[in-house]
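The values are calculated or read from the model by the stated rules, or taken from the named source; none is laboratory data. Note that the structure is a prediction, hence the values are computed from the model and not measured. Here the Cβ positions follow ideal geometry from the backbone for every residue, glycine too, while neighbour counts run over all protein chains shown. Just the protein is used for accessible areas: all its heavy atoms, side chains included, with ligands, DNA and RNA removed. Shrake-Rupley method; radii C 1.70, N 1.55, O 1.52, S 1.80 Å.
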Amino acid sequence: MDSFLGGGRITWLGHAAFRVDSVGGKVVLIDPWLSNPKMPAGAREALTRVDAILPTHAHGDHLGDTVALAKRFHAEVPCIAELGHYLRAQGVEKTKPMNKGGTVTIAGDLKATMVSADHSSGYVDKSLGPLPVYLGEPAGFVLELENGFRLYHAGDTNVFGDMKLIGELYAPDIVLLPIGGNYTMGPREAAKAARLLASKRLLPMHYGTGSSLLGTPAELRAELQGSGIEVAELEPGGSLT
Ligand code: NI
Ligand code: MN
């Protein structure tokens, strides 16, 4: 599978965290939990610019280092409206509050569309009290690069029937789906999701980073046998180009 990105690059930073380098040299981070146990050595230091950060929801393993990175790089942060309020209160300047079905332009000439996810989105900020604060609904993102390449990052989610609509509307070139189970769908549900999305390429994520995230790419491949859907397995730090 060489060069289907047409000059761009998708790098897995472990868990649900990805670095996307666009054809035009823009850097977009999705769910940047940089202290995840599979964070590749040197990947943090390699960040010398970040144009935009896409947090799918408020759980700590996805919101991660969003606040610090957004401040350091003056990055744009498209996110669901309530999470945007929280991030602004934390000093993030360039939030782009939005909601599901909306599309915003980021980094000048990229597009981020927010889509549904079937999950939850509470966040514990001890300065606000011991219980989780609800920061809007969880979401997924369809990111479109300058060359029209589209990737769908599902965030944390179970499979849901409207993934068919996401496939029909945005026809993503690659879909990034959680397979670990427990907090998200596992391989069986992710295989169904890939079929609903009618995707040709699936990059599994959100597995192997905790004792409860037991789903594996091998199980996913077994579920997808004969489907023609390619499972693009990466090691953390690995890239697709
Ligand atoms: Ni979550
Ligand atoms: Mn998660």
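Computed quantities for the displayed model
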{"quantity": "Output for region 23-35, where each listed residue is assigned to a loop (DSSP other than H, G, I, E, B) and open to solvent by less than 10 Å² (accessible area, probe 1.4 Å)", "calculated": "Asp31, Pro32, Leu34"}
{"quantity": "Flag if Val92 is more than 16 Å from the chain's Cα centre (by Cα) and in a loop (DSSP other than H, G, I, E, B)", "calculated": "yes"}
{"quantity": "Criterion violated by Leu135 - all others in (1) farther than 25 Å from Thr216 by Cα; (2) surrounded by fewer than 18 Cβ atoms within 10 Å (Cβ to Cβ) satisfied", "calculated": "(2)"}
{"quantity": "Test: residue in region 175-182 that is open to solvent by 30 Å² or more (accessible area, probe 1.4 Å) and either under 18 Å from the mean Cα position of the chain (by Cα) or not aliphatic (A, V, I, L, M) (or both)", "calculated": "yes"}
{"quantity": "Counted residues, region 63-98 - those being in contact with a strand residue (DSSP E or B) (Cβ under 6 Å, 6 or more places away or on another chain) and either among the charged types (D, E, K, R) or open to solvent by 60 Å² or more (accessible area, probe 1.4 Å) (or both)", "calculated": "4"}
